[in-house]
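Engineer: My questions will all concern the structure given below.
The values are calculated or read from the model by the stated rules, or taken from the named source; none is laboratory data. Note that the structure is a prediction, hence the values are computed from the model and not measured. Note that each Cβ is placed from the backbone with ideal geometry, even for glycine, and that neighbours are counted across all protein chains shown. To get the accessible areas, we keep the full protein, side chains included, count just its heavy atoms, and leave off ligands, DNA and RNA. Shrake-Rupley method; radii C 1.70, N 1.55, O 1.52, S 1.80 Å.
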Amino acid sequence: MTERKVLIAGNWKMHTTLAEARELAGAVVRSSTNLVGREVMIAPPFTALSAVAEVLGDSRVLLAAQNVCWAEKGAFTGEISPLMLKDLGCGMAIIGHSERRHVFGEDDALLNKRVLGAMEQNLSPVFCIGETLGQREGGQTMSVLEGQVRNGLAGVVVTDPGALVIAYEPVWAIGTGKTASVEQAQEAHAFVRTVLADLFEKNIATQIRILYGGSVNPDNVDVLMGQEDIDGALVGGAALKAESFDRIIHYR
Ligand code: 13P
């Protein structure tokens, strides 16, 4: 019996006008109404957070940002603080998404600051890790994941294991239509949990949720969610279509 509550998360990336965001958020609220025992989170772009927060109202859908700065306020042009996000109704923030790492050059040390800053303000990180195709083919997957977890979570003290989420997203599976096989995904998740057990305590590690991300869709979600150490999904493209996200939320 797992103590981990499933979390299905939609990362909207740099998509949606305000009108589109409101419509999609409304559909997610309707989809989630009768969902039992599962959490649903959406991460719209910063510009739509306020509008989406209004649509979510007191529904059960959780609101997340796609990034967060570590500082409460100050001279950080282009950044958004944990306090500002909480002000808008966000309870969570994606940190270290592969696009932040690879397109914007964010490294483990910077991401560690983001994680610590978010946690200090009670904003739950969804901390993303994942290997590139070259790293997988070079047999480095586990050492890359271990380094990302150890460096990204350095100094983290976990008091509530439900408030720290890890997302394993193999870079080669993001937006490519290629999903890791269930064996590859489960192997990576189980390995990450052993690293978490070493960093924290075993009983904490068994309670931290590890989501899988990378071309999750209505056709592959059931089998992915059947794996022991896969506690949810971080969905990109398929989260932008109300119908497919609805099917993913209601995986069997
Ligand atoms: P896709 O589901 O579009 O592959 O994106 C995955 C992702 O990056 C979610 O954060």
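Engineer: Output the relative contact order of the stretch 36-107, whole-number percent, from Cα pairs under 8 angstrom with separation of 6+ residues.
Structural biologist: 30
Engineer: Moving on. Can you tally the lysine pairs in the chain where the Cα-Cα distance is under 27 Å and the two residues are eight or more apart, or on different chains?
Structural biologist: Pairs that pass both the separation and distance tests number 17.
Engineer: Between Asp58 and Thr77, how many nm apart are label points set 7 Å from Cα along the C-beta direction?
Structural biologist: That separation, rounded to one decimal, is 4.3 nm.
Engineer: Given contacts defined as C-alpha pairs under 8 Å and at least six residues apart, what's the relative contact order of the chain, whole-number percent?
Structural biologist: Across the chain, relative contact order equals 21 percent.
Engineer: In addition: Once you keep just the Cα pairs under 8 angstrom separated by 6 or more residues, what percentage relative contact order results for the stretch 110-230? If you can, show how the numbers build up before the last one.
Structural biologist: Values: 163 pairs, mean separation 34.3, N = 121.
Relative contact order here is 28 percent.
Engineer: Can I ask one more? Under 1.5 on a/c is rounded, so check that first for the chain, then, if it is not, pick prolate when a/b is larger than b/c and oblate when it is not; a ≥ b ≥ c are the square roots of the alpha carbon gyration tensor eigenvalues.
Structural biologist: On the way: a/c = 1.40, a/b = 1.11, b/c = 1.27.
Rounded, since a/c falls under 1.5.
Engineer: If you add up the charges near His189, with Lys and Arg at +1 and Asp and Glu at -1, over every other residue whose beta carbon is less than 12 angstrom from its beta carbon, what do you get?
Structural biologist: Taking every other residue near His189 into account, the sum is -3.
Engineer: Around Ala167, which amide H atoms from residues at least 5 apart in sequence, or from another chain, sit under 5 Å from its own amide H, with H modelled in the peptide plane?
Structural biologist: The list, which skips near neighbours in sequence, is Phe127, Cys128, Ile129, Leu211.
Engineer: May I ask you to evaluate 6.51 cos²θ - 1.76 cosθ + 1.60, the Karplus curve with θ = phi - 60°, for each residue of the stretch 204-211 and list the ³J(HN,Hα) values in order in whole Hz, giving x for glycine and proline?
Structural biologist: For the stretch 204-211, the Karplus curve yields 6, 4, 6, 9, 7, 7, 10, 8 Hz.
Engineer: Let me ask another. Rounded to whole Å and sorted largest first, what semi-axes of the equivalent ellipsoid does the C-alpha gyration tensor of the stretch 1-95 yield via the square root of 5 times each eigenvalue?
Structural biologist: 24, 17, 11
Engineer: Please get the size of the charge dipole for the stretch 10-70, origin at its Cα centre, with Cβ charges of +1 on Lys and Arg and -1 on Asp and Glu, quoted in debye to the nearest 20.
Structural biologist: For this selection, approximately 140 debye.
Engineer: Taking θ as phi - 60°, what are the ³J(HN,Hα) couplings along the stretch 121-128 by the Karplus curve (6.51, -1.76, 1.60), each to the nearest whole Hz, with x for Gly and Pro?
Structural biologist: Each residue of the stretch 121-128 in turn: 9, 6, 9, 7, x, 10, 8, 9 Hz.
Engineer: Just order 216-225, 156-165 by mean Cβ neighbour count inside 10 Å, highest at the front, would you?
Structural biologist: Ranking, from highest mean packing down: 216-225, 156-165.
Engineer: Moving to a separate point now. With a ≥ b ≥ c the root eigenvalues of the C-alpha gyration tensor of the stretch 158-235, is it rounded (a/c under 1.5), prolate (a/b larger than b/c) or oblate?
Structural biologist: Since a/c reaches 1.5 and a/b is larger than b/c, the shape of the stretch 158-235 is classed as prolate.
Engineer: Under the rule of at least 5 residues apart or a separate chain, name every residue whose amide H is placed under 5 Å from the amide H of Val40.
Structural biologist: Result for Val40 returns Ile8, Leu62.
Engineer: Something else now. Whenever you get a sec, compute what percent of the accessible area on the chain sits on carbon and sulfur atoms (1.4 Å probe).
Structural biologist: Of all accessible area on the chain, carbon and sulfur atoms account for 52 percent.
Engineer: I've got another one for you. Counting each DSSP H run of 4 or more residues in the chain as -39500 (n - 2.57), what helix-only mean residue ellipticity at 222 nm follows after dividing by all residues, to the nearest 500 deg cm²/dmol?
Structural biologist: -11000 deg cm²/dmol
Engineer: Let me ask another. Mind checking the per residue accessible area of the stretch 154-250 for me, 1.4 Å probe, whole number of Å²?
Structural biologist: Numbers: 3770 Å² over 97 residues.
With the other protein chains kept in place, the stretch 154-250 gives 39 Å² per residue.
Engineer: Can you give me the long-range amide H partners of Tyr251? Hydrogens built in the peptide plane at 1.01 Å from N, cutoff under 5 Å, separation of 5 or more residues or another chain.
Structural biologist: none
Engineer: For the stretch 214-224, take each phi angle, set θ = phi - 60°, evaluate the Karplus expression 6.51 cos²θ - 1.76 cosθ + 1.60, and give the result in whole Hz per residue in order, putting x for glycine and proline.
Structural biologist: x, 6, 5, 8, x, 7, 10, 5, 4, 6, 4
Engineer: Oh, and also: Taking a probe of 1.4 Å, how large is the accessible area per residue of the stretch 43-109, in Å²?
Structural biologist: 49
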